[in-house]
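J.: Dumping the structure here so I can ask a few things about it.
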Amino acid sequence: MSTTPPPRSVTPDRRPATGEHATEDGAFGWMRALGPRGRRAFAGAFGGYALDSYDYFTLPLSMVALAAYFDLDSGQTGLFTTVTLVVSAVGGAAAGVVADRVGRVRALMITVVTYAVFTVACGFAPNYETLLVFRALQGLGFGGEWAVGAILVAEYASTRHRGRTLGAVQSSWAVGWALAVVGYTLVFSLAGDDLAWRIMFWTGALPALLVVWLRRRVHDAPGATAAREQSPRRGSFGAIFRPARDGDPGLLRTTVFASLLSTGVQGGYYTLATWVPTYLKSERGLSVVGTGGYLTLLISGAFLGYLTGGYLTDRLGRRRNIWLFALLSAVCVLAYAHIPHGADTLLLVLGFPLGFCMSAIFSGFGSYLSELFPTAVRGTAQGFTYNTGRAVGAVFPTLVGFLADSWGVGGALVFGAAGYGLAALALLGLPETRGKDLA
C-alpha cells in the first residue's frame, strides 16, 4: 500500500502566491509591488504632501496670534482659509492640465516651489491685506500638489493594492500636521507671539530641498507616459465636461458628482482643521502646550485613520469606505463640539476617533478619482474635481468664522457634519471602481 499522502486540494482563494503576485503578499506587499521607480515616486509624493500639510497648518496654528497682531475679528481670520482654498481650485486645475501635458513629476516640482515661496512670503507681510494676498498665492501650489502626486503614485501602484498605497500617501498629511504642531509648540514657547507667527511661516522654506531630489530621482510611470502622449485630447477641460451622446457615456456626470463628493468631504475636514486649534485655545482655555497635547492625540488618530482607510478601501470598495466614514465623521463632529465645559478628559479621548474618522474617509480619494477618469485627462479631472471641492468647501469654515461670535466656535462646527452628509449623497451618482486597471 502506498504511503504517499493524497494531494491537497487548493481553493482559488488560498492558492500560494507565485510569480509576480507573490511580491504583493504580506503587510508591505503594496510597497514591493511598486518596484524601485515606483517607490521613489511614492517617496516624492509622500514628502511633497507632508510638507504641503506643514505649510498649510502654519496658518491655523498661528491664527490666535495673527488675530491679536492685526486686530482681526473671526470673520476676517476665517477669510484666510477661504482665499487659500478658493485659489487652490485654480492652482489645482492648472496643475492637472500641466501634469497631463508635460508630465507628473514636472508638475509636482512646480507646485512644491510655489507653495514654499509664498508661505515664506507670508512671514514678511506688513499688514492684513498683504498677508491675505500671499496666502491666496500659496493656494496655487497647495491646490495642485496632492492631485499630481496621487496620480503619479496611482499609475505605478498595483490594481490589487492601489487603495492602501494611496492611503499611505495620504497619511503624510498627518505627518506634516504633526511636524507643524511640534514647530508651533517650540516656536511659540520660545518667542513672543508677535514674532512667533512670522517664524512659523519662514520655516515653510523646507520644501525647496525636496525639489532638488525630485528632479534627479523621480520619473513618470512609462506606461502612463506612453498612453498620455498617444491621446490628442490630453489635458483638455472640454473632455471632462463632455456630455453623454451617441453611445459615448461622456465624463460630465462623473465630473459633477466627483466635485460634489470632494466638496462635502473637504468642507467637513477644513472646518475642523481650521477651527479646532482656535476652539481649544479660545473656548476651552488651553495653553500652547496643552493645545499641542490635545492635537497630538487628534493627529495620531488621523495617521492611523489614513492607513486603515486605505486598507478598507481595497477590502470594502471605494464607495462603501467613504459612506462608512462620512457617517462616523459626522457623529464625531457633533459629539466633539458639544462636550460640556470641565470635561477636558472626554475632549482628549474623543480627539482620537475624530481624527481617525475624518482622515480615513480621505484614504480612498487618490485611488477613486484616478480610477474614475482616463489617463489622458486624469490630471485635469483630478485636479479640477478635488480642488473645486476645496474651493466650494471653503464656504464651511467661513460660515463658522462669521457665526463664531454668536454661536461660539463649538456650536458653529455643526457645518462640518453637514459637509459629510453632502458627500454621502454625492456617492449615489458615482460607480464603484475597485479593481480597475489604469493601464
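What follows draws every value from the coordinates through simple rules; no lab data is involved. Note that the structure is a prediction, hence the values are computed from the model and not measured. Neighbour counts are summed over all protein chains in view; Cβ atoms, including those assigned to glycine, are modelled from backbone coordinates with ideal geometry.
J.: What distance in nm lies between label points placed 7 Å from Cα along the C-beta direction at Asp246 and Arg216?
T.: It works out to 5.2 nm between the two label points.
J.: Could you order the peptides 147-156, 63-72, 298-307 from most to least packed, using the average number of other C-beta atoms within 10 Å per residue?
T.: The packing order, highest mean first, is 147-156, 298-307, 63-72.
J.: For Arg320 paired with Gln76, estimate the spin-label separation in nm (one decimal), with each label point 7 Å from Cα along the Cα-to-Cβ line.
T.: Placing both labels 7 Å beyond Cα along the Cβ direction yields 5.1 nm.
J.: Now a separate question. Could you calculate the FRET efficiency of Val113 with Arg37 from 1/(1 + (r/R0)^6), where r is the beta carbon distance between them and R0 is 22 Å, rounded to 0.05?
T.: Between Val113 and Arg37 the formula returns 0.45.
J.: State, to one decimal in nm, how far the label point of Lys436 lies from the label point of Ala418, with both points 7 Å from Cα in the Cβ direction.
T.: It works out to 3.1 nm between the two label points.
J.: Sorted by packing (mean other beta-carbon atoms within 10 Å per residue), highest first, where do 364-370, 428-434, 117-123 land?
T.: Peptide ranking by packing, descending: 364-370, 117-123, 428-434.
J.: Fewest Cβ neighbours within 10 Å first, please rank His338, His219 accordingly.
T.: Starting with the residue having the fewest Cβ neighbours, the order is His338, His219.
J.: Ranked by Cβ crowding within 10 angstrom, fewest neighbours first, how are Tyr336, Tyr184 ordered?
T.: Listed from fewest to most nearby Cβ atoms, that is Tyr336, Tyr184.
J.: Related question: Between Leu346 and Ala68, what length comes free when the chain is fully extended (0.36 nm per residue of separation minus the Cα-Cα distance, one decimal in nm)?
T.: Between Leu346 and Ala68, full extension yields an extra 97.1 nm.
J.: Give the order of Val331, Val83 when sorted by the count of other beta carbons within 10 angstrom, beginning with the fewest.
T.: Starting with the residue having the fewest Cβ neighbours, the order is Val331, Val83.
J.: Calculate, for Thr130 and Asp193, the FRET efficiency according to 1/(1 + (r/R0)^6) with r their C-beta to C-beta distance and R0 25 Å; round to the nearest 0.05.
T.: With a Förster radius of 25 Å, E is 0.85.
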